[in-house]
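To start, the structure itself, in structure tokens.
Values in this text are rule-based calculations from the coordinates and carry no lab data. As the structure is a computational prediction, the values presented were derived from the model and not from experiment. Positions of Cβ are generated from backbone atoms using ideal geometry, with glycine treated the same way; all protein chains shown enter the neighbour counts.
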Amino acid sequence: MQSGFWPEQVRGLLEKLGIEHPIIQAPMAGGPSTPELVAAVSNTGALGSIGAGYLSPEQIDSEIHKVKELTDKPFSVNLFMPEEISSLVISEKVLKQLEKFSRELGVELPEVTLEAEFTFEEQINVLLDNDVQVFSFTFGVPGKNIVDRVHEKNITVIGTATCVGEARALAEAGCSAVVAQGSEAGGHRGTFGSTEGTPMIGGLALVPQIVDEAQIPVIASGGIMDGRGIAASLALGASAVQMGTAFLSCIEAAVSKPWLDSLQNSKDTSTLLTRTFSGKYARGIKNRFIDEMSPLENEVPNYPIQNSLTRLLRNASKDKGNADFISLWAGQGSAMSRKSSAQELINALVTETNEVLKSMSSKL
Ligand SMILES: Cc1cc2nc3c(=O)[nH]c(=O)nc-3n(C[C@H](O)[C@H](O)[C@H](O)COP(=O)(O)O)c2cc1C
């Protein structure tokens, strides 16, 4: 695709990120976004992202080095902004239900402590020491000192917003661009600042409102699975898109067989928003764990306590090839997933986007 073809708002962000296509592979913490996936995406001229939120500083360092062995193109590293853990008190009913699942799977429930194994500061230092081109994050807004240190290294900073107020806060903090995460999105809601619960604004309404208010480039995210979704996002004023679910079924992604099967067998009504797995709202495909935990949804402890409590259950379920207790994160477009290499997917996305944009302008 010729870069001159893009609207000005797109060209500006492509230049800033040093990429050719306005497509970002979403960071997917917990395993799916392997170094092979990130590098394959970046090698096509789109932007690959390492989902480093759960990784220790040593693991982040190693992932960055693996990606750099496979590509000399820009890629992004994504972290989670740290959150206050308010209380370690866990409801008896929640514990009882989780113990029932543990017995069934033959695992123990872990001891959960307030001690973190590493700090956000240690994680970000690895990015600063490694000449990474893009830093993205979710679940919060970094202090000005962090953003200044990142900018000093000429790193582009991208935050995540689920409403206009959050986007404004990210722009004021000095972010270079903002991901507008619509309610269609797979995985966790990036919500941090809202006093009105978890905003659930669909992308069609969210993207133009953030474009009008944020004064920085906007990256549309949530439910975008093909060139029609990309063209629509650009029409709404976005400068690029960030796609997660579409990349889960790429051959370079690390996604367990039960998860892949669930994606392939999913339909438009298969996903829902739940806090039962982690204590924070996230969208995934319905399964037995969600069905049986949902009556206790409001009693589940906040993230990251519930996330730690359910980790061994999720891993044991995966090891047994059983989808019942896995967090099958996926967006509302999961039924449009296609199995291919990252390169084939991006080639198809670019061609489709071009075709949609051309056919629309030729009808004018
Ligand atoms: C499996 C999975 C894991 C995700 N992990 C992260 C993450 O670590 N950091 C982040 O900023 N966003 C994460 N997201 C959200 C994506 O950035 C993006 O908003 C979402 O995938 C867009 O919706 P879609 O999946 O319908 O394309 C994740 C999404 C999925 C599906």
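Some observations on this one:
- Per-residue packing, averaged as other Cβ atoms within 10 Å, sorts the ranges 234-240, 9-15 into the order 234-240, 9-15, beginning with the highest.
- In loop segments of the stretch 107-214 as defined by DSSP, the GluC sites (Glu not before Pro) with at most 14 further C-beta atoms inside 10 Å of their C-beta are Glu108, Glu111, Glu115, Glu117, Glu196.
- When each of Phe247, Phe118 is scored by the number of other beta-carbon atoms lying within 10 Å, the sequence from fewest to most is Phe118, Phe247.
- Prolate/oblate/rounded call for the stretch 194-237, Cα gyration tensor, a/c under 1.5 rounded: oblate
- Packing here is the average count of other Cβ atoms within 10 Å per residue, and on that basis the peptides 321-331, 94-104, 338-348, highest first, run 321-331, 338-348, 94-104.
- For the options Gly193, Gly51, Gly244, a Gaussian network treatment of the chain with springs between C-alpha atoms closer than 10 Å singles out Gly193 as fluctuating the most.
- Label-point gap, in nm, between Lys358 and Glu69 - each point 7 angstrom along Cα→Cβ: 4.1 nm
- Full-stretch length increase - Glu104, Gln59 - with 0.36 nm per residue and alpha-carbon distance subtracted: 13.0 nm
- Furthest towards positive pole of dipole, Ala214, Thr351, Asn315, structure part the chain, Cβ charges: Thr351
- A prolate overall shape is assigned to the stretch 77-130, the ratio a/c of its alpha-carbon gyration tensor axes (a ≥ b ≥ c) being 1.5 or greater and a/b exceeding b/c.
- The chain: C-alpha gyration tensor shape, a/c 1.5 cut-off, then a/b vs b/c: prolate
- Packing, as the average of other Cβ atoms within 10 Å across residues, places the peptides 69-76, 175-182, 274-281 in the order 175-182, 274-281, 69-76, highest first.
- Taking label positions 7 Å along the Cα-Cβ direction at both Lys339 and Asn125, the computed distance is 4.5 nm, reported to one decimal.
- Helix-only CD estimate at 222 nm, as mean residue ellipticity for the chain, using -39500 (n - 2.57) per DSSP H run (n ≥ 4): -12500 deg cm²/dmol
- Cα-based reach from Lys68 at 26 Å (exclusive), listing lysines while leaving out same-chain residues under 8 positions away: Lys16, Lys153, Lys339
- Order of Met360, Met81, Met293 under a 10 Å beta carbon neighbour criterion, fewest first: Met360, Met81, Met293
- Unit charges on C-beta of K, R, D, E only; dipole of the chain, Debye: 980 debye
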